[in-house]
Amino acid sequence: MTLQVRVVTDSTTNVPPELAERLQIMVVPCVVRFGNETFRDEVDLSKDAFYHRLATTSLLPATSQPPAGEFEEAYRRLQAAGSAIVSVHTTSTLSGILNSAHAAAMALAGAEIELVDTLTTTLAAGWIAIAAAEAAQAGASLKEIARQARAMVPRTRLFAVLDTLEYLRKGGRVHWAAAFLGNLLQIKPIVELREGVLSLRERPRTFRRALARLAELVQEFGPLERLGVVHARAQEAAIQLADLLGAHYPREKILITEASTALVCHAGPGAVGVAAVLAP
């Protein structure tokens, strides 16, 4: 079945592959670099291979947005199939992904494309892409889907506990990470991404306390529309956090997913996050 509207997103939004397939979401991979070697996120370099490289090389990985040509190819394929497009992406304040998508959209004369800046990332942005795809499958129009997606942006919440700030510091996108690094060696920092701004929220001294605090923060949100946990090769901790969150939200509805390698380049291995959408 050809949908009237199709959703495109990037690999940093961490839409689980099975959901992307079921909802016909097209995922454009970001670029992961180890030194002079470049890979398409989880296309040319699997998660296992990525973590093996992290463990066996001193090189810290870096990322870049997909080339505009990658988005243009995706848009052309959907346009040729008769579909309009809602393209949902990680925050423009921390990434050039939306710029690449915009350049591709401008190159396609007559294409019906709506771009959505989620002002967040990982599964918090993924929830918006998922909701947009669900609306598309329900038959909503391009403008209505885009309107609903943008209306979700202020209702997203994203917190994460990091095992280290080293990856944020090396990435250079978050200036305060370098300033705090020396004072955070003995703690597990909780960071928050809200309206495109990444900030250091709290400084628990243990990972266990940090997970408990994440659950407390979610409880403070009030009623939720969607809730998920995302992790960087920390499945046991992710399950523990989901169990804690089950006191505030139906445990069976909490989605657990593993972060894409492009995201791990900035969050670092061992990170665990919670992505929520507040009820309207």
Need one number: % antiparallel among DSSP beta bridges in the chain, to the nearest 5. 60
Extension length gain for Ala107 and Asp44 (0.36 nm per residue less Cα distance), in nm, is 20.0 nm
Set of the stretch 256-274 residues, backbone N closer than 16 Å to the point 7 Å along the Cα-Cβ line of Glu166: 264-271
Distance between the C-alpha centers of the stretch 217-280 and the stretch 120-149? Whole Å please. 20
Run the simple label-point estimate for Leu60 and Ala151 please: 7 Å along Cα→C-beta, distance reported in nm. 4.2
Cα convex hull of the stretch 94-175, projected area averaged across orientations, nm²: 6.9
With a 1.4 Å probe and all protein chains left in place, how much of the accessible area of the stretch 60-105 comes from carbon and sulfur atoms, in whole percent? 48
Long-range amide H contacts for Ile85: which residues qualify at under 5 Å (H placed 1.01 Å from N, peptide plane, sequence gap of 5 or more or a different chain)? Arg6, Glu112, Ile113, Glu114
Sorted by accessible area with a 1.4 angstrom probe, largest first, how do Met26, Met152 fall? Met26, Met152
Can you compute 3J(HN,Hα) from phi for each residue in the stretch 106-114, using the Karplus curve 6.51 cos²θ - 1.76 cosθ + 1.60 with θ = phi - 60°, rounded to whole Hz and x for Gly and Pro? 5, 7, 9, 5, x, 6, 8, 10, 10
So who's got an amide H within less than 5 Å of the one on Arg201, skipping anything under 5 residues away but keeping other chains? H placed 1.01 Å off N, in plane. Ile190, Val191, Glu192
Take every Cα-Cα pair in the stretch 34-124 and report what % of them are more than 16 Å apart. 62
Give the whole-number value, in cubic angstrom per residue, of the convex hull volume spanned by the C-alpha atoms of the stretch 194-252. 110
Over the stretch 195-255, average the accessible area per residue using a 1.4 Å probe and give it in Å², no decimals. 55
Hey, any idea what % of the stretch 128-168's accessible area is carbon plus sulfur with a 1.4 Å probe? 52
Enclosed volume per residue, in Å³, of the convex hull spanned by Cα atoms of the chain: 122
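The values are calculated or read from the model by the stated rules, or taken from the named source; none is laboratory data. Keep in mind the model is a prediction, meaning the values are calculated, not measured. FYI the Cβ positions are ideal-geometry reconstructions off the backbone, even for glycines, and counts take in every protein chain you see. Just so you know, the surface numbers come from the protein's heavy atoms only, side chains and all, with ligands and any DNA or RNA stripped out. Shrake-Rupley method; radii C 1.70, N 1.55, O 1.52, S 1.80 Å.
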